[in-house]
């Protein structure tokens, strides 16, 4: 209690004591002590009740008039209430100004911002850009379900993922189908989410131009490289001893350029595809093929083993999956010194899915390079990649193939101890193995081998 309030309280108490003392003296003079004291006490109560009523009226009426002059407890209470109301009005004006500035800032943003309630997925608020990008209307869409207002966008399941929802990088706008949007969900409280939509149409057009350029250039380079490579094959280094080192290097570089062009064309084709043909991929046959290719590439320089613990097949494209798996196997062989071990493991997962892992005891990859290892042309060691014949596109091809199969690539590596590349497939990609089909494929392969032995080239 402040000194002013304490002084006002004692003064009011002193007034009450003086009134009661005067009433007591008057009662003795009139001979009716208790009657006079009672009337005086009732008068004091009535006065205090009247002052309380005035305070309540000031509170309910939110009066801005200055409080009456005086130094009693009720006057001090009036002054305190007046000061409190003034401070509250000041804070309110400050909050209103901040709210107006916030709305002006959000209105100036080019990205659409929508506040969504987590449980009901209903719209709580949105800025002006949401009208242009998402077609929302104010106040009609306030309180409406977001998935209903963003039809035909597949946002219902995306919102259900909540904090684990991956950004939608390229979806058509409900307003303009030729407009491409990037959607991101940001949980910023226990009950509210923030949906951010960005117009990425220009970026998509630039990306498409880049893809077309790479595809066209790669296609145009294929023919002259084939011609150059053909003429180089006609030149025997043994017949030209002086030119032998140059011819050998030209052939090696020609082969490398041809492989680079082929990888670029493969990558461009994968980027242009939205879905792959669905077929049953015989993993037993796939693993056998990978083992044969690994042995041929290794030339008995490595210890190669295959483990088939899953015992199931996959649903997808045999051609594309073989391309992805063979890239991982060839990388393991290239970047593993002679005498190292390479394991190809097809394993079940706890969630019902499966994984194909390629493990090696090679050089390993520093942790700083792992986030960018799947980027095109990204190399950990440029000199080592060139010596091994790598193009820097293999892991990028693997990533695109897995994305088309709704799978993911997980990389674990330690310098000096080796690496592990695991392709993880969900349970929706798993199929029961058709053993009869595998037996037929194996029988056909044995017949082909026997025929090759009986009729050597």
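The values are calculated or read from the model by the stated rules, or taken from the named source; none is laboratory data. As the structure is a computational prediction, the values presented were derived from the model and not from experiment. In this analysis, Cβ positions are derived from the backbone assuming ideal geometry, glycine residues included, and neighbour counts consider all displayed protein chains.
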Next on the checklist: Suppose we filter 220, 207, 262, 239 for residues that are part of a loop (DSSP other than H, G, I, E, B) and free of Cβ contacts under 8 Å to residues at least 60 places away in the same chain; which single one remains?
Outcome noted: 239
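Within segment 87-108, take every residue that is surrounded by 11 or more Cβ atoms within 10 Å (Cβ to Cβ) and at pLDDT below 80 and give me the one that is nearest to the chain's Cα centre (by Cα).
Once the filter is applied, the top-ranked residue is 106.
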Item to check | Residues satisfying the stated conditions in segment 116-144, i.e. in a strand (DSSP E or B) and surrounded by fewer than 16 Cβ atoms within 10 Å (Cβ to Cβ) | outcome: 117, 124, 125
Next on the checklist: For the list (1) closer than 17 Å to residue 225 by Cα; (2) not in a helix (DSSP H, G or I), I need the number of the one condition that residue 310 fails.
Outcome noted: (1)
Next on the checklist: If the requirement is being in a helix (DSSP H, G or I), surrounded by 12 or more Cβ atoms within 10 Å (Cβ to Cβ), at pLDDT below 75 and more than 60 Å from the chain's Cα centre (by Cα), which of these qualifies: 41, 8?
Outcome noted: 8
Checklist entry - When segment 162-187 is examined, which residues are found to be farther than 20 Å from residue 128 by Cβ and without any contact (Cβ under 8 Å) to a residue 24 or more places away in the chain? => result 164, 165, 166, 167, 168, 171, 172, 177, 178
Checklist entry - Going through segment 402-419 one residue at a time, which ones are buried (at least 21 other Cβ atoms within 10 Å of the Cβ) and within 19 Å of residue 349 (Cβ to Cβ)? => result 405, 407
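Run down 353, 394 and say which single residue is more than 25 Å from residue 269 (Cα to Cα), in contact with a helix residue (DSSP H, G or I) (Cβ under 6 Å, 6 or more places away or on another chain), assigned by TED's automatic domain parsing to the domain that holds residue 317 and at pLDDT 75 or above.
On the way: 394 fails: more than 25 Å from residue 269 (Cα to Cα).
353 is the lone residue from the list that is more than 25 Å from residue 269 (Cα to Cα), in contact with a helix residue (DSSP H, G or I) (Cβ under 6 Å, 6 or more places away or on another chain), assigned by TED's automatic domain parsing to the domain that holds residue 317 and at pLDDT 75 or above.
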